[in-house]
Every structure is written in structure tokens, then in C-alpha cells.
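Since every read-out is calculated from the coordinates, none of them should be taken as a lab result. As the structure is a prediction and not an experimental result, all values here were calculated from the model. Counting neighbours? That spans all protein chains shown, and the Cβs are built from the backbone with ideal geometry, glycine included.
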Amino acid sequence: MATTQVNPTRMELTRLKKKLVTAIRGHKLLKDKRDELMRQFLDLVRENKELREKVEKGIERANKNFVLARASMSEEVLYTALLAPKQDVSIEVSEKNVMSVDIPVFDIKTRTPDKNDIFSYGFAFTSADLDDAIESLSDVLPDMLKLAEVEKSCQLMASEIEKTRRRVNALEHVMIPDTQEKIKYITMKLDENERSTQTRLMKVKDMMLKEAHGY
Amino acid sequence: MYRAAVIGDRDSIYGFAALGLDVNIIEHGEDPAPVFKRLCEGEYAVIYVTEALASELAPKIEHYQEQKTPAIILIPGVTGNTGEGINAVKKSVEKAVGSDIIFNT
């Protein structure tokens, strides 16, 4: 890379050398951060994949049951049955710091802990298929909430990894070689200046000797 | 205290009401954007979006991806699984690693 406009002075040289040390240290740290993030991300994303497959299967099964339930009941009865839910889900969000990425941790609270106490209707006017459907859906709910947590973490970590990787690459391929180039340029220039002064002095000495002794 | 919400067409999501999630039904042809915006700005930690609706809301969903809450999660609707949800996971792997190393096996 062509060196662009650096002052070949000792002060500039010291400054650049310091900058190089910082850049190399930063590069090492960021590289470590990237590697660790990547390791954790891969674990998380595998979990994410498994959970997603499980949840999608569960929802599909629940949907089938709901279609059945709907077939054997009138729409009005069905919607009225589900109009006033008994169960209530609230989520407490805290955060966990993983390599400077704040990932959310969901703490789930349900109003009725009893699994059999979620049906918000009397059993007289609804079909048994609806009970099945709701039960199959409530079975996937914990996994769905876990999935939300894991998938969000994956998204956040993915963008952090992307950012870190860019920084590592910028340092490795631009900043560090650039600074090294500049340092080299300045050292060369300073050496050249020194040699030039040396030859000039020698030449002057020769001239003075010639004048004094007539060599 | 946060809550969880579901947004989608009636047939895909009405069952979630029984579980205590907030159900937001988008009728066919209705614009989901204002409802979605209200949910995102409200006290919701998780918003489940049906895959069919997600394609309409794609740019908005992307916008919320970098924020801590809400977590926007795609779920298959009653019309079947379009693979959008797993695609989103693939995309984040591609973003982080550079190429898909988890799902191509």
C-alpha cells in the first residue's frame, strides 16, 4: 500500500509504534472474543434448531386437533368457549451477559400451575376434540417460550459476531499492515537522512583537509 | 411484567387464547402493520407471528431483531409449514458464520 503522507519524524515514529502495539493487542482480544462467541453461538443454534423442529411439529399436531374440534362444533360455541381464558402467562425478563452481548432470560409465570385447570369452559356444550386440541397446544407452550428465548439470543449473538468479525478483519488486513508500512517508511527515511548527513560531513572534512594540507 | 402475544389469521391462532396469550386476529385483507407496531411498542416480551403474515411484515421484523425485546418468533399457521421459521434460523447462522454449516447436512 502506498504510504500516504506521513511526517518522517521521530515523534511520528514513536506515535505509530505505540499505535501498532495497541492495534495488535486489540486484534488479539477481539479474535478471542469472536472465537468464544462463535463457540457459544453454535451450541445455541443447535439447540434452537432442535427446539424449532419440536415446536413446529407440536403446533402442527395441535392445529390438526383444532380443525377436528371446529368440525364438530359451531363457530359461535367454539369462540365463546375460548372468550374468557382462565390461564394467564406473564413473563419476567432479565438479562444475561455472554461475552458483552446482553441476551434475554425469560422467566415464565402462569396463573394456574395445574395443567388440568386451564379449560375456560364447561364441558357440556363443547366436544372432547377441543379439550384434546387445547391440551396438545398447552404441551408445546413451554417449548415455545424456550424457543423464543433461544432464538432471540441467537439473533443478538449473530449480529454481535458479525460486528466483531468485521473489526477483527479491519484490524488484521488494513490497520496493522498499514501502520507497519508507515513505520517502515519512516525508519527508512530517517536512516537515509542520517546517511546523507554522514556523507556530507565526510565530504566537508575532505575539503577542509585538502585546503589545510594541500592534498 | 411482560406478556406474550400472537398475531395471525383466526384459524391459526384462536387456540392460543385458551393458554393466556394475547391473541390479535388479522382478518383476510387487513393490513397487519399497525397492529404489529402496537404490539412491538407495548409490554410484550414475545410476539409469535404466523409465517404467512411474517412475509408481509419482513422489513419490520428485521428492525426489531437487534433489540432485546420483543422476541419475534415465527410459527407455522393452519395452512401448513412454509419453512420460513427454520429459514430465519438459517439466516442468522449465515450472518454469524458466513455460510450455513448447521442445516446443510
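Only residues that are in a loop (DSSP other than H, G, I, E, B) and free of Cβ contacts under 8 Å to residues at least 12 places away in the same chain: list them for segment B:51-82, please. Full working, then the answer.
Going through segment B:51-82, the residues in a loop (DSSP other than H, G, I, E, B) turn out to be B:65-70, B:76, B:78-79, B:81-82.
Matches in segment B:51-82: B:GLN65, B:GLU66, B:GLN67, B:LYS68.
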Those residues of segment B:40-67 which are under 13 Å from B:GLU84 (Cα atoms) and of a type in the set (Asp, Glu) amount to B:GLU51, B:GLU56
Within segment A:55-94, residues part of a strand (DSSP E or B), of a type outside the set (Val, Ile, Thr) and either touching a His at 6+ places or on another chain (Cβ under 7 Å) or at the interface with chain B (Cβ under 7 Å from one of its Cβ atoms) (or both) come out as A:SER90, A:GLU92
Flagged in segment B:1-56 as under 19 Å from A:ARG52 (Cβ atoms), surrounded by 20 or more Cβ atoms within 10 Å (Cβ to Cβ) and not hydrophobic (A, V, I, L, M, F, W, C), in numbering order, are B:GLY8, B:SER12, B:TYR48, B:THR50, B:GLU51
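Could you please find all residues in segment B:17-35 being among the hydrophobic types (A, V, I, L, M, F, W, C), facing chain A (nearest Cβ under 10 Å) and out of contact with any helix residue (DSSP H, G or I) (no Cβ under 7 Å at 6 or more places or on another chain)? Reasoning before the result, please.
Within segment B:17-35, the subset among the hydrophobic types (A, V, I, L, M, F, W, C) is B:17-19, B:21, B:23, B:25-26, B:33, B:35.
Applying the additional criterion that residues be facing chain A (nearest Cβ under 10 Å) yields B:17-19, B:21, B:23.
B:ALA17, B:LEU21 - these are the residues of segment B:17-35 that are among the hydrophobic types (A, V, I, L, M, F, W, C), facing chain A (nearest Cβ under 10 Å) and out of contact with any helix residue (DSSP H, G or I) (no Cβ under 7 Å at 6 or more places or on another chain).
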Counted residues in segment A:110-166 being more than 8 Å from chain B (Cβ to nearest Cβ), crowded, with 22+ Cβ neighbours inside 10 Å and within 22 Å of A:ASN65 (Cβ to Cβ) come to 1
